[in-house]
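These notes concern the structure reproduced below.
The values are calculated or read from the model by the stated rules, or taken from the named source; none is laboratory data. Remember, predicted model here, so these are calculated numbers, not experimental data. Cβ sites come from the backbone with ideal geometry, for glycine too, and all protein chains shown count toward neighbours. With ligands, DNA and RNA removed, areas are computed over all heavy atoms of the protein, side chains included. Shrake-Rupley method; radii C 1.70, N 1.55, O 1.52, S 1.80 Å.
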Amino acid sequence: MRNIFTILALSLTVSLMAQTHEITKHNGETMQVNFIKIENNLVYYTNVESTEEKKISQFAISQLHEKSNKEAKTVSEKIMPSGKADYTKVIVLNAAQTEGLRESDTITSFLGKTKGETNQSFKDGATRRLKQNAADKGYPFIVILSTKSKDLKAVMYTY
């Protein structure tokens, strides 16, 4: 009988101590989750009803609400570039960091390499050109696929 009470008490304690949080995404969706950690621009969590670890880009999340003490932590601000001049707001991500963001379109461009230009300065110019094209279309995130001189290519992402 004593073992039954101990097991019952432990199971109630574990369920009460679970880190239940609510994630509010920039697109307005909310998710009930158990928050684990934030690492490498990714938020790791589990669903309330399972133990499978999942991840989502921190750029897709607006706030993380802790239900036990009603605290809200801002994870990222919404980025809305409004023209080519706002290209510095566009963030270049790895393909793994796009979980939770919506793939929108692919952009291509051409950038000629001048004689004597270093590879690094050409890559910087190619990245700037792709970011300007994405900002001009209003997309805050890109994943660069190619930086070859005749084939600049990136995939644009949004909330």
Quiz item: Right, GLU117: under 28 Å from ILE36 (Cβ atoms), of a type outside the set (S, T, N, Q) and open to solvent by 30 Å² or more (accessible area, probe 1.4 Å) or not?
Solution: no
Exercise. Output the qualifying pairs, or none if there are none: Cβ atoms under 8 angstrom, residues six or more apart or on different chains, first residue in the stretch 22-37 and more than 16 Å from SER57 (Cβ to Cβ), second residue open to solvent by 60 Å² or more (accessible area, probe 1.4 Å) and not in a strand (DSSP E or B).
Key: GLU22/LYS67; GLN32/VAL48; ASN34/GLN19; ASN34/VAL48
Exercise. Evaluate the stretch 136-149: report whether one residue or more is free of Cβ contacts under 8 Å to residues at least 60 places away in the same chain and part of a helix (DSSP H, G or I).
Key: yes
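Can you tell me which residue in the stretch 73-110 is farthest from ALA60 (Cα to Cα), limited to those that are of a type in the set (Ser, Thr, Tyr) and over 14 Å from the mean Cα position of the chain (by Cα)?
Going through the stretch 73-110, the residues of a type in the set (Ser, Thr, Tyr) turn out to be 74, 76, 82, 87-88, 98, 104, 106, 108-109.
Within this subset, residues satisfying the condition of being over 14 Å from the mean Cα position of the chain (by Cα) are 82, 87-88, 104, 106, 108-109.
Working: SER82: 19, TYR87: 19, THR88: 19, SER104: 14, THR106: 19, THR108: 24, SER109: 27 Å.
Ranking the candidates gives SER109 first.
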Self-check item: Of the criteria (1) at pLDDT below 95; (2) open to solvent by 30 Å² or more (accessible area, probe 1.4 Å); (3) under 29 Å from GLU22 (Cβ atoms); (4) not β-branched (Val, Ile, Thr), which one TYR139 fails
Solution: (1)
Quiz item: Would you pick out the residues in the stretch 93-105 that are assigned to a strand (DSSP E or B) and either in contact (Cβ under 8 Å) with a residue 60 or more places away in the chain or open to solvent by 90 Å² or more (accessible area, probe 1.4 Å) (or both)?
Solution: ARG102, GLU103
Exercise. Report, by residue number, each residue of the stretch 43-75 that is assigned to a strand (DSSP E or B) and open to solvent by less than 40 Å² (accessible area, probe 1.4 Å).
Key: VAL43, TYR44, TYR45, THR46, ASN47, ILE56, SER57, ILE61, SER62, LEU64
